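Trainee: Could you have a look at this structure, given as structure tokens, before my questions?
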Amino acid sequence: MDRLLRAKYAVSVVLTMAAFSAGAQADELQARANALFKPIPAQPPALPGNQATAARVALGKALYFDRRLSKSQQISCNSCHDVGTGGADQQRTSIGHNWQRGPRNSPTTFNAAYNFVQFWDGRAKDLAEQAGGPMQNPLEMANTPDAVVATLKSIPDYLPRFKAAFPGTADPITLDNATSAIAVFEATLVTPNAPFDKYLRGDANALTHEQKEGLRTFMDKGCIACHRGVNIGGEMYAKFGLIKAPGSDIRPAADKGRFAISKSSGDEFVYKVPTLRNITLTAPYFHSGQVRDLGEAVKIMGEAQLGQKLSDTDVNNIVLFLGSLTGAQPKVDYPVLPPSGPDTPAPPYP
Ligand code: HEC
Ligand code: HEC
């Protein structure tokens, strides 16, 4: 071999080795990610004891959009969990009955079926139990179970819809059946095929170089201690401020999280770890809704949960990685709701 050829050969060997090792590193990153996260399955999750028949899902969808479930007849589930804005409402904290501000930010209903419990403090065990809460919350829909059932019974076309959704029951219009139907509809609000899901399924090009660096940082820094699984969260509780308490603007002293439920002192400021799916669509962040900028939220997490000041590059890459968690948004055509009957209460007028 002459010198030139030999040099060319050496270069090509080095290049091949570099390409091989980049490939091996990518495989290693994908393998690590697959051990921690799961793609959203193609089929919506099944809810135990609550069959997702077409009739039940359609009924749940109508109820999700029906403002007559609220005392004012102005507020539906979709008011605060808008299917057009990532299943959330873009408010710091939600506005409910009589323009009252509630104390917390509205979490997304998208992929909520995959959360191990519902609400920031986990006070509802599943979607059906959860759905009864807002109808009766004085700051949200401000209604009573009896009034909800009476209103539903007064709307003539709801009876055949409930019958079809819950066949074989003599008196199918109950609050339990309404919340079960809403739950099966909510379980259809999943967002599969995010770039990150494609990456987990083996498409190495589904993430950009920066997103892969962001994923690596997300894993190496320890975000995965809490944010993992199919929802990149939603699997456990953790204290907000595990290492360092965030400012009282971001973690207001009055809201003690799970402590209010369990009364155990170890649960002060403990919240359900939220999902990070579609996080770019659901600002503002945290249960207080005090942070609008995702990079700022990531920085706060670094300090509060890990005791680390993340560099700007790390923050930027993590934010880009989090962008890869936005999946196909559910296509929900607005339901035509059954018209009110003669006995349906008129909307209250002050
Ligand atoms: C006035 C605004 C408002 C209305 C109306 C409303 N919600 Fe919510 N929703 C919220 C807020 C705020 C929270 C968080 C409350 C908390 O954790 O204490 C929440 C929590 C939830 C959660 C828990 C998600 C999670 O990850 O923990 C689900 C599911 C949900 N709502 C579904 C519904 C359904 C179904 C309806 C209609 C029956 C409804 N919401 C009506 C504001 C609202
Ligand atoms: C020890 C557990 C833990 C670790 C580690 C952790 N988080 Fe969190 N994360 C939480 C909890 C709990 C919340 C909810 C805090 C609240 O609002 O009360 C949260 C909230 C968030 C939110 C806001 C979500 C929303 O919907 O408002 C983002 C974004 C986030 N985390 C990203 C990260 C990143 C990035 C890292 C790593 C730098 C990280 N987290 C590390 C537990 C953790």
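Each reported figure results from applying straightforward, stated rules to the coordinates on display, with no laboratory input. Here the structure is a predicted model, which is why all the values come from computation and not from measurement. Neighbour counts are summed over all protein chains in view; Cβ atoms, including those assigned to glycine, are modelled from backbone coordinates with ideal geometry.
Trainee: So what is the relative contact order of the chain, in percent, for Cα pairs below 8 Å that sit 6 or more residues apart?
Mentor: 23
Trainee: Specify the inter-centroid distance of segment 280-350 and segment 199-278, based on alpha-carbon positions, in whole Å.
Mentor: 14
Trainee: Going by C-beta contacts inside 10 Å, put Ser180, Ser265 in order with the fewest on the left.
Mentor: Fewest-to-most Cβ neighbours within 10 Å comes out as Ser265, Ser180.
Trainee: In addition: Between Lys309 and Ala124, what is 0.36 nm times their sequence separation minus the Cα-Cα distance? Round to one decimal in nm. Provide the component values of the computation, followed by the final result.
Mentor: Numbers: separation 185, 0.36 × 185 = 66.60 nm, distance 3.47 nm.
Stretched out fully, the Lys309 to Ala124 stretch lengthens by 63.1 nm.
Trainee: When the chain is treated as a GNM, springs tying every alpha-carbon pair under 10 Å, which of Pro274, Pro167, Pro335 comes out with the largest mean-square fluctuation?
Mentor: Pro167
Trainee: Using a Förster distance of 22 Å, how high is the FRET efficiency between Ala346 and Leu159, based on the Cβ-Cβ distance and rounded to 0.05?
Mentor: With a Förster radius of 22 Å, E is 0.60.
Trainee: Please give, to one decimal in nm, the separation of the simple spin-label points placed at Lys263 and Val336, each 7 Å out from Cα toward the Cβ.
Mentor: 5.3
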